[in-house]
Structures are given as structure tokens and as C-alpha cells.
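Bear in mind that the values in this text are calculations on the coordinates, not laboratory data. These figures come from a predicted structure and were not determined experimentally. Heads up, the Cβs are rebuilt from the backbone with ideal geometry, glycines too, and the neighbour counts pull from every protein chain shown.
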Amino acid sequence: MKMAKSGDARWISHLDLMRAIERALRRAHIGVAYSQGYNPLPRLSFASALALGSTSEAEYFEVDLARPMLSTCFRSALEKQLPPGLEVREVCEVPSTGASLAASVKVATYRVTVDLPAPGDRAALHRAAGRFMKSSSHTLSRRREGKTRLVDARRLVQRLETREERDVLEFEMDIFLDPQGTVKPEEVIAALAEMIPITLAFGAVRTHRIALHRTMIEKGGDG
Amino acid sequence: MPPRPDSVADTLEKLLPRVTRPARYTGGEWNAVRKDHRMVEILFALAFPEVYEIGMSHLGSLILYDELNRREDTACERVYAPWVDMEAELRRSGLPLFALESRRPVAEFDILGISLQYEMNFTNALNLLDLARLPLLAAERHAGHPLVLAGGPCAFNPEPLAPFLDAVVLGEAEEVIHEVVDACREDKRRAGARSRTDLLRQLAAIPGVYVPSLYRVTYGPDGKLATFGPTGPGVPERISRRWVSDLDRAHHPQRPVVPYLETVHDRAMVEIFRGCTRGCRFCQAGAIYRPVRERSPARVRDLARCLIDATGHQELSLAALSASDYSAIEDTVRSLVDQEGGRGVGVSLPSLRADAFSVGLAQQVQRVRKTGLTFAPEAGTRRLRDVINKGVTEQDLREAMESAFRNGWHAVKLYFMIGLPTEGREDLDGLVDLIREGEGVYREVTGGKGRQLKLAVSISPFVPKTHTPFQWEPQCSLEELEERQSYLRRRIPRRVRLSWHDAHLSRVEAVFARGDRRLARALAEVWAMGARFDSWSEQFDYRRWREAFARTGIEPAHYAERCRDRDELLPWDHLDSGVDKSFLWRERERAFAALPTPDCRWAACTGCGVCGTRAAPTGESWGKARRGEDRSSASG
């Protein structure tokens, strides 16, 4: 199923979203298959976790059903039970033998809107984006649990385009979802800001996921 | 001018990325009730002075939310204590405390109802008033401010909060809350001409409503309460607790709010009965929720189905003070597991007695999902358990653990208290013996093969509570409590996972549990010094409390460590739980003689006084006879 996440629903974390979907399925009386064992869990898998605070029109998940069901029936039953901010976009039946959804998704496309601290920063950020894409690598260091890890952000950003709106700057980027580790769109923007350097306010960067792609980018990508 | 809801929303947008778990503050959950404020007369902010995940787990608040929102004239919205990071953001940005549903500032509501579950939330209650930009003192608020109402178990001694509260509801609020809202609505319709004092006088006339400002208190030279009484005519001398007589006729929420965040009790709850007459002498809940009133099994099953349909929860909890005491518990659990198991829903029993019967029940509920087992023997020896009237024998416990281990459990949690009246070294030794016995039983059952036993033991200092037979008793001194903790720490095997309830925190709790109005200044002082979330040991800072007591001239030992005389006027004597003070004293004497008092469900009436005030409760006729035969051995 393909779903959109908007409004206050963007403050639902990935784990909480999985639980919210599980509950919606139960409210909709959709017979879900459960895992075996100590603590049976519904067979529900998401393509890619979305960062807390981001909106999306391309959240995908698969669910194993205990009883077969028409996708149109599934859709109308579930739609009525989804909390505000979550919306069904597409439902289709897939064979249950395929590889996991998470493993098959390779690239994510994001639209990132940045509130500018000063009007002059627009051109500077625009130029920074150009320099970033021309460089051969751009290493970010990330600290987690006391350890520092280095990530080449440039390698993971396959496309970065800018579009100017009234008092904001809009970016569109394709990011490679490398199973070894990927980069968040906000980290890319922070890296650009650091190149200038300017400081962006908290909440100045808003991320919206537009699409997920199963293959490396061919322009226009599939769903 | 206070900010409008949409400007609250705009500012909130900027704050949310900066705080942990923003979903605590967004509202908009499934089943949340959002009403058009232009279509109602009364806006009721229902506040819980704890963090969202705890507040959302409280069944009583869900019941009131449902009761109030069923009124066409009222919109009830939720408020929780913002965590310290959010408080900092609210204060920095100048955003006032708002209700989750509409994001409207709390100060614009007609009533702010605060649930008082625990003394250590008192600082949060003050903080809610301040974050809402309301004057802390009731005397400084006027008709344009929300009426500040409190309820919950701490309403049975709200004296330390007396100057901050307009009115207090004593007992079960689901009926009396409507009378309070009606009075507020009439008051609002008359508008202009009337003052806050007029409304308060009117509220004081409602049975079960206590208006602290209408009573005068004097203290003697010995620091004890000297007199307590109403300031004028029409104000009752004593306030009687309210309770509903028939649980089947009482409403139960059928569409409770489903949180996104994982809450403490993240499950659908059906209240199967209210009250407990086991009569544990330390337990306040066992006194203030009497008598026992059961919901019929048919109604429980209907509610279970409704709740899962409306929430989609994967777990159904049968809520009660002691779930295994429900008359039809076996049949009910079996039929619920049959009814709900098919859609992946498990049943859980939050409160089990330490006997084999209860383990049998736990076995039933494990058919879908396996959880841990928790027992609360409370004390280490039979003698001390007789003192506190916790009728669990060594044999009960042994059988319970044996049965649990035979049925595949390998994780068990035991709860104990230390510092109980008459406790001596041999009782502490007995506690250690019980733990070793548990390990021994596990070795016997498993023959030393298979998984290692995971035994967790939690030990809390005893805090004497009002309206219990121990309300006159001193709490152990801090030094003595710490001494007993270290005595146990040296003797309990290291492989046991031990958790201790902070003795300093229990000490402050004991001061406020039996406090009087003079404590209000210390409370305001400690709040001003930054005390918040004092029930969280990482937020609690004893030095701050000690300093606040010193600055306001409060001697904590006077409240915590003093043994009261039989005829001492107690600060909560005017609040009538329905249980007679003479019964409590009789129970105190039986405690010191180590005489157990059996449960009146299976033995003779104990004469506690609750049923005398009204006809005996209904709704249990289908259970009583049967359980008299099979379960009498479980009591005593």
C-alpha cells in the first residue's frame, strides 16, 4: 500500500506509525497474518523509515493477509480507520514470495523547503549546492553513542536541484538508500549551510518525501 | 490579549522539532473528541499533572473525558504536564499551556480539573497553573479565571494544596462532575453580577464537594491541629465521599482515545470491578473505593468487543484493584480469550494475588501473548503479613511460584515494603529467605536445566496514608530506612535484579500524604526553586526539598515520623471516606496484635461502616454463592 503522511501525523515516529497501522487494520476487521512464537506480531513491513517531522506522499508498506481480500475492499475498509494525516494513495496485490520491500527500495526523492535567515543567503545556498554536486566527495562526521562515523554525503546524493520560491528556497534531491548507511536530507542541507557558512534556525528545514524508487534513477522514476 | 489557537499552532510548529516525543503535544489521536467551541457552553480542561504517557494510561481520566464529552453543552479537552524540555520551550517562546484538542490556552477554559493521583505530582499541579498563566492562589483568582477543581485519591487529604484549589471532589467523580458543571453553567448564564465566592458557596452545597476556602483552621502551641470548621452557615461540617452504586448502570468509555506514543498501559481497559475489601492495612485504595461493586460478565464481554472494535488495541486489560478476586474471573477470562484471541488480541490481568489460583488464570491469558508475572507479598514473614493483613501464606507463595515455573515462566517480579509497623530484623531475614526459596523452587522444578531464572525484586519504603489503620503511625526515620536497605543489600543474592524506591522521595511523600495547610508554603517554595516531576527519581532533588522546608519553617519529622494520638484532630478528619475512624482504630489494634481480619466477601461483616450509609451494593448476586464454597481458603 502507498500512503501519504501530512499535517500533525508527521510527528508520529516510525515505530508509532507501525503500531497505528496495526491498530487501524484491526479496527477495519482486516484479517492479518501473525508471526509465530512468544509474542505474535502482525506481518507488516515498511519500505523505508521516515524521519520524525517529515511529511510524505510515498510511504509504502506490505501486509500479509490471513484471508484473501480484494484490494478495493482492503482500501475502503482501511481508509475509514486511518487517523487524520494518513491517507491511502494506492493499494495493490503483490505475490508474497518476493524480496522484502525494504531491500528492494534503492532511492528516495525528497523536496526540502528551507526558510532563509536573510534574503542574500538564497544565492549563496544555490551556489553551495552547485559546488557540492561538482565535488567528488563530501565527508560528514556523525557522532552517535560516543563514536564518530564518517559518511560520504556526495556519493549518496544522486541529484540535487534548487528552485526559488518567494521567501524560501526549495531543493529536490534523490538519495541513495544504501543498506550500509544513508544520509538524511536535513544533513545535506546542513552541510550546504556549513559551506557558506550560515546558521539555519530550528524548524527552518521542512522535508517532504515525494517518491521511492526500486531501481537506480532513470529520470522520472517509477513508484 | 492571550494568543489565538491558530497562533498557538504556528508557534508550536517551531517548538516541536526541538523537543523529545513531539506527539505528546499534538493531540489529534484516533477517538480524540474535537468540538466546535461556539456550540457549547462549558469548556472543561481535564488535566493530569504527569507526562502524557502516564496520564493517558489513567482509566479514571478516560471515564471523565467520556462523561463530560457526552454532554452536549460541554467540550472536555486534555492537558498533561509538559516535560522539562517542552516547559523550557513554552516559557522561552511565551506560549501559554494549551489543551491538546483545540490548542486553546487553558486560561480560556471555564473549568480546569486536575487529577491528583500521587503526592509527588503536587509540584507539577502548581506548574500547570503557572504555565497556564493563572494565579497560583485561589484567593487571587476571580470569576474570569477557570474554576480550579481537583479529584483523585489525593483529594482525601488535599490540605497541602488547599490555598491553590477552588474546589475538591471527594470520591468517584462520574456523577458529581455533572452537578459541578451544571452549577458552573448556571453561574455563567447569570454572568456579570456574580462573584467567584457565590459559585464556591453553591458548589459547597453539593454532596461530595469540598471548598477549602470556606473552612477555618487553627493550630495549637504543640504544632498540632487545634480546630477545623466551616466559616459560615450552609457549609457542611463534613464532606462525604461520592460513589456509584451500580457499575452496570455507570458508563464505561467505549471509544477511548488511542495514543500514538507507547503509553505506560498501552492497551484497552475494561474495569471489571471497583473497590477491594481484602483490607490490607497499609492500602489507601482498599479503604477509599469501598464497597466492592462488580460489572456483570456479560457487560464485560460486550465492552471488550466494543473497545477492540473502536481502538484496535492488541491487548485487553481487566482493570481492578485485585483482578483475580472478580467473582466470575475464570469464565470471563476464558471467554474473552476465545472471543478476542482470533484477531491477535491478548488479555492481561494487571493485579494478581500470589496464589496458585491466580497463576492458573495467568496461564489462561497466556494463550495469545506471554508476559511476566508479578507478585506482591509485601512483607517477609507470616507475622508481619498478619500485621498488615496481607493474607498470603508462605505456602500460597510457594505454590504460586511452583505453578508458574512448571508452566514455563522464568521471569518473576516480587514487590516488598520495608519500614512497616513492628518490622524487625527477623522480618528482613524472612524477606531474604523468600527470595532464596523462590530460587530453590525454580531449581527443583527445572532440575537446574534450561533458562536461568530472572528474578526481579522491588523494595519500597512504607509510607503511612490517610484513611488507613496506619494513619496514626510514624514512618521510619531516613537513617533507619537506609540502614534496613543496606542490611538487605548485603544479604540478597547478587544475581537478583534489585530495585529500590528512593528513601528520600518516600520521606517527602510521607510528609505530604498526612500534611496540613501549612505545607502549602513549602510546596510553593520548592516549586519556585524549580522542583518538577518529583516522582521521577532523576528529577527529584532532596536538597531542594530540605531547603524549602527550612525556609518555610516546616519540620518534616512532625509530619512523617510522629505517632499521632487516638484523639488527635487529624487534618483530613472532615473528609469522610465512609469507613469509620473507629473501625480504622480497631484495625490498628488488631494489627499490633498480629490478628488478621478476613475479607467481608467471604466472612462476616467487619463493620467498616461503608454499607451502613446506603443499601448494600448490587450486581454481584451471580458470583457470591459460588465463590463462598471454592475460594474461602484463599482469604485470611
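Listed values, structure above:
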item	result
On Cα atoms only, tilt of B:84-93 relative to the major axis of chain B in degrees	10
Separation in nanometres of the label points that stand 7 Å from Cα toward Cβ, at B:Asp222 and A:Thr199	6.3
Computed label-point distance, nm, for sites A:Met69 and B:Arg189 using a 7 Å Cα→Cβ extension	4.8
Paramagnetic label zone (point 7 Å from Cα along Cα-to-C-beta, B:Gln452; backbone N under 15 Å) in region B:385-429	B:410-412
For region B:511-525, Karplus couplings with θ = phi - 60° (6.51, -1.76, 1.60), whole Hz, Gly/Pro x	4, 6, 4, 10, x, 10, 5, 5, 6, 4, 5, 5, 5, 4, 5
Inter-centroid distance (Cα atoms) of region B:560-587 relative to region B:272-332, Å	29
Overall Cα dimensions of chain B - principal axes, largest extent first, Å	76, 64, 52
Theoretical gain in end-to-end length, B:Ala298 to B:Asp248 [0.36 nm per residue, Cα-Cα removed]	17.0 nm
Other-chain or far-sequence residues with amide H under 5 Å of B:Met269's (modelled H)	B:Ser317
Residues of region A:195-213 with amide N under 11 Å of the 7 Å Cα→Cβ point at A:Ser135	A:195-196
Cα-based Rg of region B:310-409 normalised by 2.2 N^0.38 Å, two decimals	1.15
Proportion of all alpha-carbon pairs of region A:106-213 beyond 23 Å (%)	24
All Cα pairs of region A:2-101, percent lying beyond 23 Å	22
Chain A: most fluctuating residue of A:Thr162, A:Thr139, A:Thr207 per GNM, C-alpha cutoff 10 Å	A:Thr139
Computed magnitude of the charge dipole of region A:1-83 (debye, nearest 20; Cβ of K, R +1, Cβ of D, E -1)	240
Crossing angle, helix A:14-27 versus chain A [Cα axis fit, 0-90 degrees, rounded to tens]	30
Under 5 Å, built H, 5+ apart or other chain: amide partners of B:Ala354	B:Ala376
Spatially proximal lysines relative to B:Lys390 (Cα-Cα < 17 Å; intrachain offsets below 8 disregarded)	B:Lys465
Rounded tilt (10° steps) of B:122-131 against the dominant C-alpha axis of chain B	30
Segment B:Ala139-B:Glu72, extension gain: residue separation times 0.36 nm, minus the distance between their alpha carbons	21.0 nm
Label zone at B:Val84 (point 7 Å along Cα-to-Cβ), backbone N below 19 Å, region B:498-524	B:502-506, B:508-509, B:524
Theoretical ellipticity at 222 nm over chain B - DSSP helices of four or more residues, -39500 (n - 2.57) apiece, nearest 500	-11000 deg cm²/dmol
Size of charge dipole - the protein assembly as shown - debye, nearest 20, with Cβ of Lys, Arg +1 and Asp, Glu -1, no other charges	1320
Size-normalised alpha-carbon gyration radius of the protein assembly as shown, reference 2.2 N^0.38 Å	1.03
Difference of contour (0.36 nm per residue) and Cα-Cα distance, B:Ala593 to B:Ser477	39.4 nm
Relative contact order (%) - criterion: Cα under 8 Å, at least six apart; region: chain B	14
Value of relative contact order over region A:2-101, rounded to a whole percent, pairs C-alpha under 8 Å and six or more apart	42
Spin-label model distance (nm) - B:Glu394 vs B:Met529, 7 Å beyond Cα toward Cβ	4.6
